[in-house]
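**Q** Can you keep this structure in mind? I'll have questions shortly.
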There are 2 protein chains.
Amino acid sequence: MERLDQQMRFVAEAGQLKGVLRQTTLAGLARRENSAEHSWHLAMMALTLAEHAPSGTDIARVTGMVLIHDLVEIDAGDLFLYADSEQHDKQEVAERAAADRIFALLPADQAGRIRELWDEFNERRTPEAKFARALDRLQPMLENLTVGGGTWQEHAVTADQVLAKVELIEDGSPALGRLARTLVLDAVAAGILAPAG
Amino acid sequence: MERLDQQMRFVAEAGQLKGVLRQTTLAGLARRENSAEHSWHLAMMALTLAEHAPSGTDIARVTGMVLIHDLVEIDAGDLFLYADSEQHDKQEVAERAAADRIFALLPADQAGRIRELWDEFNERRTPEAKFARALDRLQPMLENLTVGGGTWQEHAVTADQVLAKVELIEDGSPALGRLARTLVLDAVAAGILAPAG
């Protein structure tokens, strides 16, 4: 029973992710998105958009990555994509400490496997990690378009800044990269994203 | 581009699940749980508790099932487990209509595959569906225990009613069934669940 007890403690701890708020505002709900429902949406995208990953990509592994990628935010909180590099450096340290604590709730063999999955997502070297990261970058763009500007307007983000981030989407999936470029042009044309700084 | 457009419409529609509220109250957050974050929690449980499924269970398929199982609630809303049979019959009709509409947003081949997955979950014949349904039944019990009674108290649910629902958990996983029985006894001993009606 010891092993199942450890797993259930981890499952309960994971539930805390429902209380971690992101910058994204959800259209029609007038509230910010939390990291648990964001992770679910990415997993739905992995299932739906699998054919746009490079041939041979292990989609079950992509799904696993997006499901667990934000668990560290239970301790470290969510950092906005366009924060400065000093903030990103601090966040990285906090997230590593969080990974050490949270994954260790699991039996050692499982803790090791989930840490590998989380490291793979962050290192972004495999096709699975590149595709997972592309989804993670595309989803907030979709929410901003739906809500009519969202964080782009709240934080005065410009199209050239967004396009610089689109390169990572192209790297994970050429088709999704093309889609993202089109979305940026559409957003500028619709007047909900400023063209340049 | 037609195919990707259809997929993106489905992804956007799926996002509406973040606005569907369940009966469950989340400890520490003083709000009800939505069906998107609930689905994410079930997927985390599938990953974490995989070893308690019968040998040979395809966990990627279980994960897919729990990720998509509640999408029909975008149209049909969530129905409380302990609602009467007339309400359950009405809900079943509403959910089938919702499945017809929502899955049809996808290209036909994908719509067919997701419908199969959803039907499999509801028919509960395969080991994958039985395990997925067991997780879906166990998770609200965990939330009720964490919050000190939750929907059991709000709806005057008794231990014998909960134990009748535990049979479905045992059918998906003997180990999780034993755990669920222990949790019910613990809840009665703690005075947060009435022993009988």
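Conditions (1) surrounded by fewer than 22 Cβ atoms within 10 Å (Cβ to Cβ); (2) part of a helix (DSSP H, G or I); (3) out of contact with any His (no Cβ under 7 Å at 6 or more places or on another chain), marked per residue:
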site: B:D5; (1), (2), (3): yes, yes, yes
site: B:R9; (1), (2), (3): yes, yes, yes
site: B:A12; (1), (2), (3): yes, yes, yes
site: B:Q16; (1), (2), (3): yes, yes, yes
site: B:T25; (1), (2), (3): yes, no, yes
site: B:L29; (1), (2), (3): yes, no, yes
site: B:E33; (1), (2), (3): no, no, yes
site: B:H38; (1), (2), (3): no, yes, yes
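**Q** Another question, then. When you scan segment A:172-191, do you find a residue that is farther than 28 Å from A:T48 by Cβ and surrounded by fewer than 17 Cβ atoms within 10 Å (Cβ to Cβ), even just one? Outline the logic, then answer.
**A** Here is the first cut: in segment A:172-191, the residues farther than 28 Å from A:T48 by Cβ are A:191.
Filter once more, keeping what is surrounded by fewer than 17 Cβ atoms within 10 Å (Cβ to Cβ): A:191.
Yes, that holds for at least one residue.
**Q** Kindly establish whether B:M44 is within 14 Å of another protein chain (Cβ to nearest Cβ) and under 12 Å from the mean Cα position of the chain (by Cα). Show your work before the answer.
**A** Working: within 14 Å of another protein chain (Cβ to nearest Cβ): yes; under 12 Å from the mean Cα position of the chain (by Cα): no.
When the stated conditions are applied, B:M44 does not pass them.
**Q** Filter segment B:138-164 for residues that are in a helix (DSSP H, G or I), surrounded by fewer than 17 Cβ atoms within 10 Å (Cβ to Cβ) and touching a residue at least 12 places away in the same chain (Cβ under 8 Å) and give the result.
**A** Keep residues of segment B:138-164 that are in a helix (DSSP H, G or I), which gives B:138-147, B:151-154, B:159-164.
Adding the requirement that they be surrounded by fewer than 17 Cβ atoms within 10 Å (Cβ to Cβ) leaves B:146, B:153-154, B:160, B:163-164.
Hits for segment B:138-164 are B:T146, B:Q153, B:E154, B:D160, B:L163.
**Q** Name the residues in segment A:64-77 that are within 10 Å of the chain's Cα centre (by Cα) and away from chain B (no Cβ under 14 Å), would you?
**A** none
**Q** Is it fair to say A:R125 is part of a helix (DSSP H, G or I) and under 16 Å from A:H69 (Cα atoms)?
**A** Numbers: part of a helix (DSSP H, G or I): no; under 16 Å from A:H69 (Cα atoms): yes.
The answer is no for A:R125.
**Q** Identify all residues within segment B:59-104 that are in a loop (DSSP other than H, G, I, E, B), among the aliphatic types (A, V, I, L, M) and crowded, with 19+ Cβ neighbours inside 10 Å; write none if there are none. Can you show your working first?
**A** Pass one, segment B:59-104, residues in a loop (DSSP other than H, G, I, E, B): B:69-72, B:77-84, B:104.
Pick out the ones that are also among the aliphatic types (A, V, I, L, M) and you get B:71-72, B:79, B:81, B:83, B:104.
Once the filter is applied, which keeps residues that are in a loop (DSSP other than H, G, I, E, B), among the aliphatic types (A, V, I, L, M) and crowded, with 19+ Cβ neighbours inside 10 Å, segment B:59-104 yields B:L71, B:V72.
**Q** Determine if segment A:86-103 includes at least one residue that is at positive phi, away from chain B (no Cβ under 12 Å) and out of contact with any helix residue (DSSP H, G or I) (no Cβ under 6 Å at 6 or more places or on another chain).
**A** No, the conditions are met nowhere in segment A:86-103.
Any read-out appearing in this document is the output of simple, stated calculations on the displayed coordinates, not a laboratory observation. All of these numbers come straight from a predicted model, not from anything done at the bench. Please note: Cβ atoms are built from the backbone with ideal geometry, for glycine as well, and neighbour counts cover all protein chains shown.
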